[in-house]
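Where a number appears in this text, it was derived from the coordinates with a stated rule and is not lab data. These numbers come from a predicted model, not from an experiment. Ideal geometry is used to build each Cβ from the backbone, glycine not excepted, and the neighbour counts take in all protein chains shown.
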Amino acid sequence: METVTQGSTRRRYVVAILAAILVALGLYLSSLYSYVLFHTFAELFSIIVAFGIFMVTWNSRRFMNNSYLLLIGIAFVFIGSLDTFHTLAYKGMGVFSGYDANLPTQLWIGARYIHSLSLLAAPLVLGIRLNIRLVFLGYGIATSLLLLSIFYWNIFPVSLVEGIGLTTFKIVSEYVISGILVGAWLLLLRKRSEFDKQVLRLLAAAIVLTIAAELSFTLYIDPYGIYNLVGHYFKIGAYYLTYKAVIETGLARPYSLMFRDLKQSQEELRRSNAELEMEIAKRSEVEVELKASNESLQEEAQKLEEEVEERRAAEETLQQSEERFRSVAQTATDAIVACNRGNIILWNRGAENIFGYSSDEIIGKPITTLIPERLREAHLRAYSSAASRGELRLAGKTLEATGIRKDKSEFPIELSVATWQADGQVFFTAIIRDITERKRLQEQLLSYERLATLGKIAGTISHELRNPLAAIDTSVFYLQTKKLKEVDEKVLTHLNRIHASVLRSSAIIQALQDFTQLGTPHLADLDLRAVVTEALLNTKMPATVQLVRNFPGVEALVKADSEQLRKAFGNVITNAVQAMGDKGVLTITISLNRDRDQAEVSFTDTGSGIAPEHRNRLFEPLFSTKTWGIGFGLPVVKAIIDKHNGTIEVKSEAEKGATFIVRLPLSKKN
């Protein structure tokens, strides 16, 4: 196993070296093509790394105990800003008109002074809790004064004269900066006990490369010269090593200092035992007393070693427990979300799948991001009250609420909340489950129960009603065809009304039977484009209705019963045409939502829309807003879509028409 690990490590080193060589070669080739391009690439790398170091240290500041790295991280955001000005001002960029090559050189010197002084001050603040606001204020003032002295007051010393070369101020400044960096390097080595060995080596090497870069920048005359190029190579290496050092301590090995302290305690104990044994050998006259003392010391040492071992075992157990928790949390299908001070601090994969936000997008954001805007104020009041008391009224209970996804769609959720405290702060953890499917099944079950009841009624009364209606219709037909003398016109009018009412009653009975006797769908792979086209062919479409089709260029395959689905689409189309008064624009759109494995068919009309008080009753049997309507068209659509494990949604605005959206599961062949 050790051989395999060593081989893997060697391969990583080889790959890293090859990558570095390729990057260096690529930069050199870019300098041959355009030195401005090379300079831009080199400085952009440094700027990105500087802001990256700041982001890492800033986001890990709560658990980073190393003030050195925190100060360096804050300094780099201002150093990166000055390097940005330097890059934009470089000869050939053409951003700052009216300036020559002296401007980028002045900006360079200013940035390097801040960089070197930050590295010198960083070892001095180790063990001191930094006031981050004051640190930001200090760097902000220093950076602002530097920029004002260059751009506004014009009092910053000239650093380069074109055609002549670097000024004495520039060269002396580079040596002064190098001297400051040497001091920073020595202070870093004096504080080596505060760093992990690998991190110490990286930081020390970064300072050495920075010194080499500064010395290179004392030699060039032309800003496009070879020494300028070499200096930028050294700068890239220094920034990379600094970034790696911050990552090592800030993220990769946050517990290394703790174990190193334990190891140092053991080493000190061993040294004490050795010194004690030497003292015993020198003082043989008190051998008995020293022996007793030694035994006592050994007992204490044994106890200490046992305590250290117990502590190590406890830490290992804690680490294993944390790993198990993270494993369970990340593999859970439910969303597991934790927050502190109203901001999200834990976000598992289940939450990503349910809400649509990745961990990088949501960590640090307010928990109200997951709550519809109309409900946020009430949530904030409840959260503030709970946080002030250190408890939550709903803790330990399960309730239903409404959540909102990244795409702004709302959906029902089931929520369980727990509270816990650490370091005097109150934390909240919630387990959230998407119950959209459960709600749909509940509604579908309720609908099925209603249908079953309606079916029993339809089967019972259809025969009892058809016979009397047939007798009434026959009598009306007889009276209409009988040549009566002096027939009253009103009598004929009433006979026609009776006949029309009989026909309507028969149609209602037939529609009721069709609605309650929908059979089990015979599923097959169907292309929705073809099904919609057939439904259009079977539906009477007035010439005054303009039809717009938005169909995809690929198959939209679903598992469905062709006859039932065609009937459902035909009813929706008929309903839309009637809503427009047989004139207007009907737009039919078919789309694929592969994230949810669904196909969507939307029917949008330009009618008068649906009144809000009618929307929740559209799919109720016998409900119709039309004077001639029977009230079974849309309920049949809902029943068919439910049997296909789909959903139907209605959107409407007054005087702006309505949209019916049918969603069906995609076939596996799609």
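Note on Leu88 and Glu613: the model spin-label points, each 7 Å out from Cα along the C-beta direction, lie 6.1 nm apart. Between Ile132 and Arg190, take the C-beta separation as r, use R0 = 22 Å, and let me know the FRET efficiency to the nearest 0.05. The value I calculate is 0.30. For Glu400 and Ile155, a Förster radius of 60 Å and the Cβ-Cβ distance give a FRET efficiency of 0.35, rounded to the nearest 0.05.
In this structure, the pairs whose alpha-carbon distance is over 28 Å, taken from Lys397/Lys668; Lys540/Lys638; Lys365/Lys656; Lys408/Lys567; Lys439/Lys567; Lys567/Lys651, are Lys397/Lys668; Lys365/Lys656; Lys408/Lys567.
In this Cβ point-charge picture (+1 for Lys and Arg, -1 for Asp and Glu), the range 66-186 has a dipole of about 320 debye about its Cα centre.
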